[in-house]
Each structure stands twice: as structure tokens, then as C-alpha cells.
Amino acid sequence: MHALFDDAGKFLAGRILSETDTSAQIELDSGKRVKAKAAHILLRFDKPQPAELLARAREVAAGIELPLAWEFAPGEEFGFAELARDYFSASAPPAEQAGMLLALFEAPHYFRRAGKGRFRKASAEVVEQALAAIEKKRQLQAQIDGWADELVAGRCPEAIDAQLYRILFRPDKNAPEYKAVVEASRRAHLAPLALLSRAGAITSSYQFHWQRFLFEHFPRGTGFPDLAAPEPPSDLPLAEVQAYSIDDSATTEIDDALSLTGLGSGTVRLGIHIAAPGLAIAPGGELDRLARTRLSTVYMPGHKITMLPHEVVQRYTLDAERANPAVSLYVNIDEATLAITGHETRLERVPVTVNLRHDQLDHIVTEAWLANPEAQHENTPQALLDLREQLSFLYRLARQLKSQREAVRGKPETFTRPDYTFRLEGQAGDEPDGSETVVIGTRKRGAPLDLIVAEAAIVANSTWGQMLAEHGVPGIYRSQASLAPGVKVRMGTKALPHAGIGVKSYAWATSPLRRYVDLVNQWQVIACARHGRTAALAAPFKPKDAELFSIISSFDATYGAYNAYQAGMERLWTLKYLQQQGLQEIEATVIRDGGAGGDFLVRADHLPLVLPVLGAQSLSRGARVRVRLGEIDEIALDVHGTVVERLDDPLDPRDDGPVEDDEGEEAAAAGPLAIAVDLQEGEAGAGAAPGAEHPAP
């Protein structure tokens, strides 16, 4: 005797070996023996054989007309064998009974399950609704299949083109457009980006990356509402200094300037003057809400999106030949020892005489030029010559301050790599279009002008951070507990040490035109300057203010995303540079050795480029190599390489150059672009296209 039984929703058949009142031991065709409860045995038969019964039952089920079966079914609860006898004949054989069971089980829109082998017919209204839903689903699937057919054929349907960035970066994975891309990628055995590029949905790598950024962060566009630039207080005193700024030529948001008085007197006074939009922008006002939405200026080669409207920036930037509202930190310095002996914060108007541009002056303002007053350089601007003595003193001071910080850090700051600059030639409008020729330049990190500005900013940020703490006024700080591996810089409201910089506390406050946290801290600093010991009562943000924590959270995420986009666009232009210059090989340094199954990464010696390579298995970190470049993918921001030659001597320890310990950041910079399309979802057995989902950086 054989039995058909229900095993957790699956119908199996086999030979009964033994049986009791409550269960039976059944042997399947595979030889496996299973124990089935008596209540789960739905049909007993002596022939045909179990496998044949199931095969014939499936054929019978496929031929049953469900609407007719529904008409035959009684109104009350019934068993599958009863309906089989009504539908087929009074002597319906086991195969027909089993076929009816399978058909009823697989048609829940017609028949509701009421127990093991028992069913109840659905109402006419429910059937009508279910059939309508099935038809809608069928039509939707037909639409998905049609779109997938077009994509595979190299054409992009309009509906998918309109949803391109949502599909790739923030998809509704139940949407038909998303499903069509997944299906087409599987069929074509192409990664989604390659598929969409072939279909014409992506025609410009630059526009693709620009539009995806706007989709994520500026869905309503980058324009500003019509807001007037507020005027600063009219009673600000005029500072008795002549200040100057040091920035690159592309900078329009000039946040900081310097002044120096008292040279030769024994006590020198350094003025660090910061643009003061916080004197006029009211916390909670329209401009504040706008700045808090953007949180930072976004930078990229050839373009930027400012945090504040152009009119506000122009009113408060520290432009030359006018007196600008500023929050000034005056630092008294012993001229002989370079020791800081005191400081004072003032709110005032600061005359700025000149805006120096370091990219035009770095070749002149060298350590030798500053050390030797007799040294001459052709075409030196008169404004620079007038400031030569001040810059020489400031450079000596900056070196002293850096040395003191390094003593606190416990190790020196090393600048083994330059800063890279990007200049786009042939740019027709405010925004690039991707067709420009890119020129990549270098600027030595720690160059004299760079060091002067950096150390002045550190003095201001650390001094004002301590001042806020001493006055009991909360601020937004950056801190780092130690230089141990894995210990990252964090933002918070407590004045904690910053081990990476080597200061007691550090509050960003020197870039209020382009970073929102600096504007927040400026409001708090202004309260201290105006109210002294009662500043905590007057400051816009009070101790343990939940708004500060909200600002930190939003800024951290947004600033990180902006920086990632800037890095991505710089990588795009670097890949374009490789193609424009026809570079097939580069010299590079191994920065990660591929342990634990990771990629071997190298960093180009003369370009801002990190990439994975093959052929570096026997090399350690710091090894210099020649790399042959593979195919460049500007959409995925991807390029791989192959090591073809080692350039240094592995036996000479002098060739083991320093490698900065920033593996995590370098791995992220190596690309490729991450998208949110997962070809593995929804079809466990489906073969995914190679490279279907770009790994997250």
C-alpha cells in the first residue's frame, strides 16, 4: 500500500512500511524513510507507483479548469476527493484525486484551505478581486519583460531613463523599473551600469556623477531663495591694523586674514581675523535655516556649491581694499622666545590691504627667501615685498608652534605626499560639462605660506575652544583620544584633547562662510566676547542643548558625503587625465599588501590615484613599482593595473619609503562606485551577471 501525504506544505508519496493509529513509516522513492502523522496522510492507493502518481497528478492539475471546478464545488467545506468525484466521475482514480488536490492547493484565489486536504470555495466577490489582481500582476510582469527586452537590445525605455538615479542609488526594489534593470542585467550578463550605458541611459560620465549627487543632496536644485544680505552692526570699531589674506586663486569665501604689529618692540601682536557673518545672521532666521540645510560648501574641480548665497558671501568675505566685519583673536608673542603671553578677542571692522594667492606665490615664498632678506626673485609683487618681514616672522612662529604641537603628539607630522590641484581648460560656463582638458598640479604640503595659515588657524580654533569651555559656553569640538591605530577623530560638545593635532581642545571656528559648525561656534564666541562671564546666559546654544547634538549628527553625515563626492569627482578627472595624456603605465607605491583576502593597493607617485593591482603578491608595503593600467571605466570610477616591474631594491632598506597609515581611506579612494542594485535578490537560483553589484567602497 502507498500513501500521499502532506509534509510541511509539500506533497510526497511513498510506500507504507508500517503503521499505527497515529502515524506511519513511509519509504520514499529515494530510499529515505520518513514518519508521517496519520492526520497528514491524504490518500492511500495501491497503484500506480508513487512517482508515477505524482507525475500524472501534475498533468491532471494542469488540465483542470478552475472556474468550472469552482462552480462544481459545494458551498460548505469539502474534501479534495469529493470534488474530484464531482468534477471527473464518481470513480475518479487516485491520480485524478491527487491532481485535484494539487490544483486546489495552488489556487487560493478560488479555494481557501480549511485543513489537511479540506477546502472552502471563495465568494464570487473575492474571486473577482483576486482575478483582477492576478491580471494586473500579469500585465505588470509583461511590462517588466518588455522593458528588459528593450534594455537587452540596447535601448533605454523612457520610464527607466526618468528613474535612472533612483533605480541605481535609492531604489524601491518592488518597482517595475528596478525589476526590469535587474532582469535585463541577468539576461545580458552585464553589470547594471554597463547595461545602462550600452542602452544610452548614461551618455556622459561627468553628467552622470553630477546628476547623481544632485539627486541625493540637492533634489530641488542648487539655487537660493531671494534673501537679502543682512548688514553687520553699525557700531563695530575700526581695527588699527592692516590685514592680508592667503588663499588660492579660486577662493571667493575668504574666511581668514592675518595682521602683525609690534615687530622690533620685543612684543609682537598677531591678529587672526575671521569673517563674521555670525554678527548679522540670526540663529533661527531664514539664512540660518538655509545654511543648516546645506551645512557646508561643496567643492569639486571646476565648480562649487556654496553654503550661503552669493550676496551674503560677498558682503562678509574678507576682500581687499575695504574694512570687513570680523571676529579677531589677538595673540601677544614674545619676539625673542616666540612664547605666547596672552590673547584677546574683539568684534570689529578689519581693513584688508591685499588678498595674497599662494598658488601664484609659493615659488617665490620659499624657506630660503624668507630666511635671507637679500634674496631676490624676478617679478615679485610689491605687496609681497612689503610683507616680507612679517611673513618671515610668521614662518618662524609657525615652525615653533608646529614643533610644540609635535612634542605633545609624541611624533612629528610628516608630509610625504603633495596636495594636488585641478584646473580645467576650456570650461565655457560656471559648470564643467566633462569635455574640458584637465591639468593636475601639485603643491607641497607644509610649504611656508601653507604652514603660516594652518598654524594660525590651529591657534584660533584651540584658543577659542578653551575660551568657550572656561566660560561654560558649549561648542562643537573635534577630538581624538590618541594616535593609536583605529582611534578616529570625533565631534562632540566637550572640550577634549585632540591627539592628532596636539592641543587641549579644538573647535572649528575659522571658516564660518563655508562650514555650518564654524558659524555655530562663532555665535558662541561672539557671546563670550560681548558678555564675558555671563556668556552662558546669552549664548544662542545652552549647555546640553539637544540642538547641538542634532547639528553634529547632520553635519557629520553631510560633510562626509560632500567630501566623498569631491574625492569621486577628483578621481573622475584623474581618470580623464590618464586618457587625455595617453598614459598606459604609471609609477606607484604599494600601500596595502592584500592580507585576509583583500586587494593589493598601490598609490600613484605623481597623481592622486589609488588602484588595485595584480602581480604584487610578493611585495610588501612601501615597494615602488611600475604598473600597466587596464581598461578605464569613468562611470564606475574604476581602473585596475598589473605590476610589470619593481623599481626599488628589495635588499636596500633605504628604499623602504614611509607609507602614511591611512589604509581605510585609501581603500575607499580606490573605488569603484557603489550602487544599490543587487542582482542576487529575489532569485536564489538565478545566475548573477559578473560584477553585477559594484562593491561598496
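Exactly one condition in (1) surrounded by 18 or more Cβ atoms within 10 Å (Cβ to Cβ); (2) within 28 Å of R399 (Cβ to Cβ) is not met by A527; state its number.
Failing condition for A527: (2).
Do you know which residues across segment 6-22 are closer than 15 Å to A55 by Cα and open to solvent by less than 80 Å² (accessible area, probe 1.4 Å)?
F11, L12, A13, G14
Does L101 count as of a type in the set (A, V, I, L, M) and touching a residue at least 60 places away in the same chain (Cβ under 8 Å)?
Against the criterion (of a type in the set (A, V, I, L, M) and touching a residue at least 60 places away in the same chain (Cβ under 8 Å)), L101 qualifies.
Can you find a residue in segment 314-328 that is more than 25 Å from S554 (Cα to Cα) and among the basic types (K, R)?
Within segment 314-328 (the criterion being more than 25 Å from S554 (Cα to Cα) and among the basic types (K, R)), the answer is yes, since at least one residue qualifies.
Looking at A561, A538 in this structure, which one is in contact with a His (Cβ under 6 Å, 6 or more places away or on another chain) and among the hydrophobic types (A, V, I, L, M, F, W, C)?
Only one candidate passes the filter, namely A538.
Which residue is surrounded by the fewest Cβ atoms within 10 Å (Cβ to Cβ), if the candidates are limited to segment 436-455 and must be part of a loop (DSSP other than H, G, I, E, B) and in contact (Cβ under 8 Å) with a residue 60 or more places away in the chain?
Restricting to residues being part of a loop (DSSP other than H, G, I, E, B) and in contact (Cβ under 8 Å) with a residue 60 or more places away in the chain, the top hit is K444.
Considering R155, R120, R138, which residue is touching an Asp or Glu at 6+ places or on another chain (Cβ under 8 Å) and open to solvent by 60 Å² or more (accessible area, probe 1.4 Å)?
R120
Looking at segment 73-107 only, could you name the residues that are open to solvent by 40 Å² or more (accessible area, probe 1.4 Å) and touching a strand residue (DSSP E or B) at 6+ places or on another chain (Cβ under 8 Å)?
Listed by number, the residues that qualify are G75, E76, E77, F105.
Conditions (1) at positive phi; (2) in contact (Cβ under 8 Å) with a residue 60 or more places away in the chain, marked per residue:
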residue: A323; (1), (2): no, yes
residue: V327; (1), (2): no, yes
residue: A336; (1), (2): no, yes
residue: H358; (1), (2): no, yes
residue: V365; (1), (2): no, yes
residue: N372; (1), (2): no, no
residue: Y395; (1), (2): no, no
residue: R405; (1), (2): no, yes
residue: G410; (1), (2): yes, yes
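Do we find a residue being part of a helix (DSSP H, G or I), crowded, with 24+ Cβ neighbours inside 10 Å and among the β-branched types (V, I, T) anywhere in segment 509-520?
Checked against the condition, which is being part of a helix (DSSP H, G or I), crowded, with 24+ Cβ neighbours inside 10 Å and among the β-branched types (V, I, T), segment 509-520 yields at least one hit.
Quick one: would you say D29 is touching a His at 6+ places or on another chain (Cβ under 6 Å), surrounded by 13 or more Cβ atoms within 10 Å (Cβ to Cβ) and modelled with pLDDT under 95?
Here the answer is no, as D29 does not meet what is asked.
Where in segment 582-697 are there strands (runs of 3 or more DSSP E), lying fully within it, with 1 or more residues that are at pLDDT below 75?
585-593
The values are calculated or read from the model by the stated rules, or taken from the named source; none is laboratory data. Just so you know, these numbers come straight off a predicted model, no measurement behind them. For neighbour counting, all protein chains shown are included, and Cβ atoms are generated from backbone atoms with ideal geometry for every residue, glycine included. We work out accessible area using only protein heavy atoms, side chains counted, and drop any ligands, DNA or RNA first. Shrake-Rupley method; radii C 1.70, N 1.55, O 1.52, S 1.80 Å.
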